[in-house]
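Working notes, beginning with the structure itself.
Each value in this text was obtained by applying a stated rule to the coordinates, not by laboratory testing. In this text, all values refer to a predicted model and were calculated from it rather than measured experimentally. Cβ coordinates were reconstructed from backbone atoms using ideal geometry, including for glycine residues, and neighbour counts include every protein chain displayed.
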Amino acid sequence: MEAHIIVNGQSVAVDVSVEVFSYMDRADHKDENLAHEKRRHWDGREFDEYIIAHECSRSYYETPEDWLCRRETLREIMTALEGCTAKQRRRFLLFALEGLSCSQIGNICGCSKSAILKSVEAVRRKLKHALQAG
């Protein structure tokens, strides 16, 4: 079977046995599952019964201070996104808002999974820098 691997940043097609292909495929799925898990817990907390019981059960009333902080944060995020290229912005939004994997975005954009990952990481760094500066 034919598998694609990255060598010095280039995708190379290699003939491999069915067992090796199966192993590589399972590894790719495991990587994607880990990425989804990281996104699911983006704030570093564990998704457990405590959070559900204490934060999701009561109604949320936004104070004027909370509203103002949310608006300022949104403005900072939008300013940081404007500083990104159109490709980076599109790839990041597909990843962060739509929840697509790097492989899926690569298929949509016609590029490699590593190119998508580099774009997403570049935008994350810009957002992190913008939010720390603000």
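Relative protection proxy for 89-95, 66-72, 125-131, from highest mean packing down: 89-95, 125-131, 66-72 (other beta-carbon atoms within 10 angstrom).
Sorted ascending by nearby beta carbons within 10 Å, beginning with the fewest, 121, 2 become 2, 121. Ranked by the mean number of other Cβ atoms within 10 Å of their residues, highest first, the peptides 10-18, 104-112 fall in the order 104-112, 10-18. In this rough spin-label picture, where each label sits 7 Å from Cα along the Cβ direction, the residue 69-residue 125 distance is 2.9 nm. A Förster radius of 25 Å combined with the Cβ-Cβ distance from residue 32 to residue 8 puts the calculated FRET efficiency at roughly 0.60. Between the listed residues 68, 115, 132, the Cα displaced farthest toward the positive end of the dipole of region 63-134, a dipole computed from Cβ unit charges relative to the Cα centre, is found at 115. Using the Cβ of residue 82 as centre and a radius below 15 Å, the other residues enclosed give a net charge of +4, where K and R count +1 and D and E count -1.
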